[in-house]
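Coordinate-derived values only; no laboratory data. What you are looking at is a predicted structure, and each value in this text was computed from that prediction instead of being measured. Glycine also receives a Cβ, built like all others from the backbone with ideal geometry; neighbour counts cover every protein chain displayed.
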Amino acid sequence: MKNVVGIISGICNSAALESLTKSRPISTVPFGARYRLIDFALSNMVNTGIRTVGIVTPYNYRSVLDHIRSGKDWFLDRKSGGLFFLPGNDRENGGSGSNFVLRDLLENMDFLKKAREEYIIISCSSIVMNIDYREAVSFHQNNDNEVTFIYKDEGFKEGESEGVFFIEQSGDRRVKEIIPGKQRRFNGSDKALLNIVIINRETLTRIVEEYGENGDSDLFDILGEMIDSLRAYALEFRGYAARISSLKNYYNHSMKLLDSRVRNELFMRKNKIHTKITDNPPTRYGEKAEVINTLAGSGCIIDGHVEGSIIFREAQIEQDAFIKDSIIMQRNVIGKDVLLENVILDKFVTIKDGTVLRGEPGNPIIIEKAAVIGPEEGDNEKYNLRSG
């Protein structure tokens, strides 16, 4: 894939995840016990053979740099090509509905103009999937396309498609119309774009120069306006794809990882999902530990009961703690006699002995990063919290 360069948006509607993106963009939200969301977009590109990738960084980019570093874990620490950080505009958390803002590319036109590659794959960092782009790139080249979209035929209920773009196609796969979710006819197309597009570099450069200074114009909006004048086609992706666009579907898609069929499709294929390597010992299970249908990262110490949950690296769960249907992120400490059910704990949280946190199914309680939660002396009911 010497003639293809990749660009990943590290912003992509970061505000949608509320407290989980208070101190980080959506691209570095933890997922699946050891990964960050950007690992999927980045791995898909390098597994396809792309060796030059630019990442558009948001204003709160520290966690992106900390996680990606030189790109070594994705084989992008190279003398030729490699990894490029492209500073985005200072828009707080990426706005409320942006996918790929053209102004970010306008600020980084040198990257586009200096690239020798003829084709560009643009991807958001909020889609969890394992895809090889070679078939799509071949279709794009052989069909002499200017634009090729990747979509998935998804069924959305009314009111659930905010921020999603849908397409209508002719019989030869040509895209006739791009429909924003808020304008979509409820009985219309279920062909939902996966925020991935293959585009000729000259076409993208022309669009950026013409529309890039027009506020926060989104690439997909502009492509929709120009669709009649472009050779734009679309291919369907039939594998597993998780669209992370709210706290609710972040929780639901995380829980789907407990299904071995989903795990196998994402993580056990020939193309692996790469992430930042951490040299931890294996997780240690105590004599009284009970762990049922749970995905646990390395370096944990588990002495309590854990069921139907996602446990990230270096979490510590003490004796007689009971955790069910929850997401416990990195380096959390769960004390004795704690009960957690339908809960998401961000990183570095401490839950004191005897605390009860019980959310509702599908409506978890969210505890922010580095919080210390527990009953005060003489006030044991203070943190018996429920969601809703």
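Label zone of N293 (point 7 Å out along Cα→Cβ, amide N under 12 Å): in segment 227-257 this covers 255-257.
For the pair N143 and S23, label points projected 7 Å from Cα toward Cβ lie 4.6 nm apart. Here segment 284-386 is treated as a Stokes sphere of Kirkwood radius computed over C-alpha pairs; at 4 °C and 1.567 mPa s its diffusion coefficient rounds to 99 µm²/s. Both numbers refer to the Cα atoms of segment 152-287; Rg and Dmax are 19.2, 67 Å.
Counting every C-alpha pair in segment 119-229, the share spaced more than 23 angstrom apart comes to 29%. In a solvent-free Debye calculation with one equal scatterer on each Cα, what is log10 I(q)/I(0) for segment 234-350 at q = 0.22 Å⁻¹, listed in the order of the q values? Per q value, in the given order, log10 I(q)/I(0) is -1.32. Scoring 171-182, 243-254 by mean Cβ neighbours within 10 Å over their residues and listing the highest first yields 243-254, 171-182. If you take every DSSP beta bridge fully contained in the chain, what fraction is antiparallel? Give it as a percent rounded to 5. Bridges in the chain that DSSP calls antiparallel: roughly 30 percent. Segment E177..E210, full-extension length gain: 9.8 nm, with 0.36 nm per residue of separation and the alpha-carbon distance subtracted. Peptides 129-135, 28-34, ordered by how many other C-beta atoms sit within 10 Å of their residues on average, highest first, read 28-34, 129-135. With unit charges on the beta carbons (Lys and Arg positive, Asp and Glu negative) and the dipole taken about the Cα centre of the chain, which residue among G88, N264, I334 sits farthest to the positive side? Checking the options against the dipole of the chain, the answer is N264. Shown in residue order for segment 146-151 are the 3J(HN,Hα) couplings computed by the Karplus curve 6.51 cos²θ - 1.76 cosθ + 1.60 at θ = phi - 60°: 8, 9, 10, 9, 10, 10 Hz (x for Gly and Pro). Once R0 is set to 25 Å, what does the formula 1/(1 + (r/R0)^6) return for the Cβ-Cβ distance between D153 and N271, expressed as a FRET efficiency to the nearest 0.05? FRET efficiency, D153 to N271: 0.65.
Charged side chains reduced to their Cβ positions (Lys and Arg at +1, Asp and Glu at -1) give segment 4-267 a dipole of some 940 debye around its Cα centre. Normalised radius of gyration (Cα atoms, divided by 2.2 N^0.38 Å) for segment 4-267: 0.94. Rounded to the nearest whole angstrom, the semi-axes of the ellipsoid equivalent to segment 24-134, taken from the Cα gyration tensor as √(5λ), stand at 20, 19, 14, largest first. Modelled spin-label separation between D132 and E368, with each label point placed 7 Å from Cα along the Cα-to-Cβ direction: 4.5 nm.
Taking each of K248/K336; K256/K276; K22/K276 in turn, the alpha-carbon distance tops 26 angstrom for K248/K336. Between segment 302-325 and segment 104-172, the alpha-carbon centres lie 39 Å apart. By the count of neighbouring beta-carbon atoms within 10 Å, fewest first, V208, V333 end up ordered V333, V208.
This model, with +1 at the C-beta of Lys and Arg and -1 at the C-beta of Asp and Glu, gives segment 18-138 a dipole about its Cα centre of some 320 debye. Over all orientations, segment 178-256 has a Cα convex hull whose mean projected area works out to 7.3 square nanometres.
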